[in-house]
1. Name the pairs whose Cβ atoms lie under 7 Å apart, with the first residue in the range B:626-642 and at negative phi and crowded, with 24+ Cβ neighbours inside 10 Å, the second among the β-branched types (Val, Ile, Thr) and assigned to a loop (DSSP other than H, G, I, E, B), and 6 or more positions between them or separate chains?
2. Considering only residues of the range B:549-592 that are part of a loop (DSSP other than H, G, I, E, B) and surrounded by 20 or more Cβ atoms within 10 Å (Cβ to Cβ), which is modelled with the lowest pLDDT?
3. Which of the helices (runs of 4 or more DSSP H) found entirely inside the range B:131-218 contain at least 3 residues meeting this: charged (D, E, K, R)?
4. Kindly indicate whether any position in the range B:524-535 is more than 30 Å from B:Leu453 (Cβ to Cβ), touching a residue at least 12 places away in the same chain (Cβ under 8 Å), within 14 Å of chain A (Cβ to nearest Cβ) and of a type in the set (A, V, I, L, M, F, W, C).
5. Please find, within the range B:484-517, the residue that is nearest to the chain's Cα centre (by Cα) out of those that are hydrophobic (A, V, I, L, M, F, W, C) and more than 14 Å from every other protein chain (Cβ to nearest Cβ).
6. Which ones in the range B:191-224 are of a type in the set (Gly, Ala, Ser), surrounded by fewer than 19 Cβ atoms within 10 Å (Cβ to Cβ) and either under 33 Å from the mean Cα position of the chain (by Cα) or closer than 25 Å to B:Ala354 by Cβ (or both)?
7. Scanning for something aliphatic (A, V, I, L, M), within 14 Å of another protein chain (Cβ to nearest Cβ) and under 31 Å from the mean Cα position of the chain (by Cα), does the range B:624-632 turn up at least one residue?
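The values are calculated or read from the model by the stated rules, or taken from the named source; none is laboratory data. Here the structure is a predicted model, which means the values were calculated and not measured. No Cβ is skipped: glycine too gets one built from the backbone with ideal geometry, and neighbour counts run over all protein chains shown.
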Amino acid sequence: MIVAEQKSLEEIRRMITPYQRVLIVGCGTCMTVCDAGGEREVSFLHSALRLAQAKTGDSQHSFSEHTVKRQCDPEFIDLIADKIAEVDAVLSLGCGIGVQAIAERFPDMPVFPGVNTSFMGMAKELGVWDERCAGCGDCRLEETAGICPITRCTKGILNGPCAGTKNGKCEVSKDMDCAWVLIYRRLERLQQLDKMRRYYPPRNYRAVPRPKRIVSKVGTAAGESNG
Amino acid sequence: MYSPTLDNTQRYRGDKTSASSPDHSLIPPCQVACPLHMDIREYVDLAAQGRIMEALQVIREGNPFPSICAYVCTHACESSCRRGQVDEPVAIRALKRFAVEFGGDRMVRAEAETTQVEKVAIVGSGPAGMACAYYLRKLGYPVTIFEAQSEIGGMLRVGIPQYRLPREVLDTEAQRLTQMGIEIRTSTRVVSLDLLFEMSYKAIFITIGAHQSLRLGIEGEDLPGVIDGATFLREVNLGLKPTLGKRVAVVGGGNVAIDAARTALRLGTQKVSILYRRSRAEMPADPSEIEQALEEGIEILFLAAPVRIERRKGKLSVTCIKMELGEPDSRGRRQPVPIKDSEFNTEVEALITAIGQAPQAPQDFRLRIGRGSTIQVDPVTLTTNRPGVFAGGDAVTGPATVTEALAAGRLAASRIDDYLRHRYPLAGKDTHRVLEGELSAETVEMIRKIGRLEPPVLSREVRTSDFKPIELAYDWATAVNEARRCLRCGVGAEITSQDRCASCLTCLRVCPYHVPRLDASGTIQIPIDQCLACGICVAECPAKVIVLRKPYERRHIAEELNHALRSAAEAKLKPFIVGFCCQYGLFGTGTLAALWREAKAGIWIVPVLCIAKVEADHILRAFELGAEGVFIAGCGTQCARENTAASIRQRVAKVKKTLAQIGVEPERIQAFVLEAEQDPGKELDEFIAQVGKLYLASTLMEEVRR
């Protein structure tokens, strides 16, 4: 799941300043799950913006809100085309993808991000999310016992641990586990410690061109008219 | 069986079930068990909020004579109460008594108009007859009650002792019937139904009760000094004082036996013994009655039965035999078997037999009689073999409870109405499902255990000297706390749209009872038989797809907030502060009002049914509409849940963070968790002073700016 957190009210208010009618658009998938832009957060932000306006008296926006099922597919966005037609700007509480999807679909409409899209991760417990995947496009989890050194090691090194490991923790923070100690322990449990003996050559980041595209459809060229 | 005929389908609080706001609540086990299917959950909930008059209103909707049931109901509801799976059932009957005593039942005037011409005769004025008369009169029929005794009430009058049902209560209800325009003809024994038809009654309801005591069938039963329980109680209840002597034995194990024994004690008998042929476990009398009888010093000889009575020197010599329990009979009760050569003698001055009663319909009524001398009726139409003649109550069922009789009377009224209006009787339609299933062990474990609070009773010494009612009403605080123990079965959370549910698992993680779960397909389910309607998931669900099953609960806070703000617009006191206060218990018992009165600022209380239901949005809205400060006050150890405040503190922190960005000081919001013995005024004063300072500072700033 994509994890994000809502931007500060100040930043949001600054972005929308020039626009009178603003539609706040929530997203019913990842942003709902990570508590950043689901229906509840949309209505909370809506109330907060109205309240801010009432308190400061410095603006005259009119707000509306709607939460779509998923912002990263144009078909879902089309369902609110009429609502978008009635406003001067869209404040999207979708992740960065959602913001761009709306912008792409409505070329003349200013679209602003209401959240900072942060990482791909999972819930640790209620209200706590941890990063787990960097989306590097070259998954090596098979070699590292299902623990990703790219995201979970501060340095992202492929042949760890480094000298900064101490009692299983990272030198960056004593609360942070050393990913390579975790990998070692788990390989040990799986009786695959031999994998620790191997040398993994440095990754060739040039081999990962951006923007990436995955094509499963026949007859579409990689990279064609992307972006 | 729950049969929703003529039930309180009209829901209280104006909950009009509509497509946009459907009421998906399930019928709780207490309501199913109640013969009258009263909306118990609703009135207990209102009692828990201290809204006694409204509680009484709900009670009166489902029960024509709540003051009577408040004393003598055998409360089947309590036996099926699911709180019993946690600790002990909610004391529903005692709560009803509280609502009746404090809700102003005496002021209620029953009124009715005559809109129909067909006269209806009711033969017998027991609870079934009274209820039937009440409802027929409400339907507009001219009704006459015929009663053989000098006063109305049937078994309520001549069977139940005064210490269990004060006669003023019965008299009040009788007066109400007269007020409604029901003709009551006492000391009038009906000997012929034909005569009634000749008197132009179009329908007759026979509810003559079961007053004929069953005979022991042993030698000496007709000796002087031997009296049957029904006759004995009737004589005492109609003002006679039979001489019993110093020692009395009562034969039987039902409520009549216990009533007779306790009545004998109150007439001055020194030693009263009950002979019962089975053991205590099989005793059909109400366990609390047995307990009270034992407390009063009545001796119960279990596994003993009389076999012969002889009269010697003015006393009765009763030969008894000891029993042991043998094989269970068809009803599952173990049959007593005499033990050979175990006879023993006991000497008493009087023997009261109370081994059961049967109806005795006069032969001239020409009614078909069935098993146990009961009148046979069609179970749906309640008609007898004679056209226009209906029957109900003990006369049809054999001895049963007051509530069952009331239910029978109510049903009869509806059937007689059907008959007179030439309608085929149709069962009422209630779309509400019945809640089934027990609480799981895991849910039970998570529920805070709170023992049942009993109403006070007169001490043994005081109560046995006369016939004063022995149970007193609850005091206000105890009643409210007892009512709070209700688990509110069947009104829990539901997911309105699985489609919009993001399966984020927030509900699963916030539920204090671990109720939501994932089914095999990975869909979140909130089992209604486990949910206790705390509302935490409703306030937390990021997709806002969870609601409580009663529409009222959904709109409640928003409506109350709007109401408070509308009223506040006219208020002049500053600073204007909105307080979301728990309406249950602590604040429902008048503390709320006290807060209000002593308020040194413009405090407007938004009563909430537990602060766990206050959403972050509600707090923002209060500020948006002009509040200078907001506080949230809930209960500490009094709360039905552990740590309710944790979830609201979380929301308050979030709101504070947002408000800080707009320049609203975090000191303007505070959450209080108060204990019963604590004075909420002090902390509140500090908060008001705090907000007052901020208010002053901001108004000064405003002046400067100008």
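1. B:Ile632/B:Val614; B:Gly634/B:Thr644
2. B:Pro575
3. Filter on the range B:131-218 gives B:167-179.
4. yes
5. B:Cys486
6. Scanning the range B:191-224 gives a single hit, B:Gly217.
7. Checking the range B:624-632: not a single residue is aliphatic (A, V, I, L, M), within 14 Å of another protein chain (Cβ to nearest Cβ) and under 31 Å from the mean Cα position of the chain (by Cα).
Residues checked against (1) within 13 Å of chain A (Cβ to nearest Cβ); (2) in contact with a Pro (Cβ under 6 Å, 6 or more places away or on another chain); (3) crowded, with 22+ Cβ neighbours inside 10 Å; (4) modelled with pLDDT of 80 or more:
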| site | (1), (2), (3), (4) |
| --- | --- |
| B:Ala594 | no, no, no, no |
| B:Ala601 | no, yes, no, no |
| B:His618 | yes, no, yes, yes |
| B:Ala622 | yes, no, yes, yes |
| B:Gln678 | no, no, no, no |
| B:Ala689 | no, no, no, yes |
| B:Gly692 | no, yes, no, yes |
